[in-house]
1. Every residue in segment 213-239 that is touching a helix residue (DSSP H, G or I) at 6+ places or on another chain (Cβ under 7 Å), without any contact (Cβ under 8 Å) to a residue 24 or more places away in the chain and over 17 Å from residue 133 (Cα atoms), please.
2. For residues that are in a helix (DSSP H, G or I) and modelled with pLDDT under 90, scanning just segment 140-164, find the one that is nearest to the chain's Cα centre (by Cα).
3. For residue 245, indicate whether it is free of Cβ contacts under 8 Å to residues at least 40 places away in the same chain and exposed (fewer than 14 other Cβ atoms within 10 Å of the Cβ).
4. For segment 165-193, name all the residues that are modelled with pLDDT of 95 or more and in contact with a helix residue (DSSP H, G or I) (Cβ under 6 Å, 6 or more places away or on another chain).
Amino acid sequence: MIVSEKALGLPASTSAHASNAGSSFKAINGRSPARIAHIRQTKPRGNEETQMAGKLGKLKPKRKAGRPLKKDMARTDTGQISRAKNPGEPADKVAKEARMKMYDLTSENAALPQAATVIGRLSLLGQQGGGISIDQYDSLVRFSMERERYMKAVMAPDSLVNAGSGGPTCIDEESDTESRLKATHRYNSARGAIQASQNENRGSNLWAVVQHVVIGNLDFPHMYGDLRLVGNALNRHYQGLDRKRKAA
């Protein structure tokens with residue numbers, strides 16, 4: 001005897017049950033399953049920007065490698081922490097103040113490189129102020145440079161150029177024989193101009209001025225007059241050389 005599913009009160013079949021469930025779901029919501037799936041995909045899930053901001057706020061920033069940079073610290077030009085007692089002051093402040101007190105210079109003149117030498121300070125005064133002219137100063141500086149090249153060329157020991165027992169190290173150009181000969185000729189030619197002026201002014205001692213004031217950087221006020229004579233002789237000498245070079 002076969003008893004039907006209907007007689008037992010059970011669903012006729014699984015497919016029929018699914019059909020009835022689908023129909024009942026459709027009847028309740030009034031929407032098909034495909035429509036419901038589409039709505040779920042397109043429906044916004046709250047404020048996504050707010051949620052993302054909350055997540056980022058919870059994340060801790062990662063520390064960079066190495067020690068943190070110390071702030072509000074005085075530093076040198078290379079970026080290192082300055083160890084100076086007064087880092088805000090310029091490096092030449094002490095030298096400027098000393099020049100102003102010792103030589104009675106203004107703040108502007110004390111900061112100039114000419115203030116470091118006797119002939120430079122005299123050039124700042126000018127001839128009207130009891131010093132020397134710019135042309136005389138330039139000629140004296142040019143002579144000093146030629147003397148230094150000569151001392152290097154002949155490898156002569158000089159305490160003003162090098163404090164060692166031997167002469168200073170020559171550069172490649174001056175190690176060449178031709179360069180040494182040129183340096184020697186130029187220096188001896190300038191010395192000849194000074195000697196010519198010495199012969200004309202026998203009451204003066206120009207070589208003492210060259211040795212003590214120009215080379216030794218010693219301040220002897222009683223030699224200022226002879227210093228101008230040396231400056232004039234060198235100025236005439238260098239002007240003649242410059243004219244020959246331009247004409248050549």
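The values are calculated or read from the model by the stated rules, or taken from the named source; none is laboratory data. Keep in mind that this is a model prediction, so the values were computed, not measured. Cβ placement follows ideal geometry from the backbone for every residue including glycine, while neighbour counts extend to all protein chains displayed.
1. 220
2. Once the filter is applied, the top-ranked residue is 152.
3. Details: free of Cβ contacts under 8 Å to residues at least 40 places away in the same chain: yes; exposed (fewer than 14 other Cβ atoms within 10 Å of the Cβ): yes.
So residue 245 passes the test.
4. The answer is 186, 187, 190, 193.
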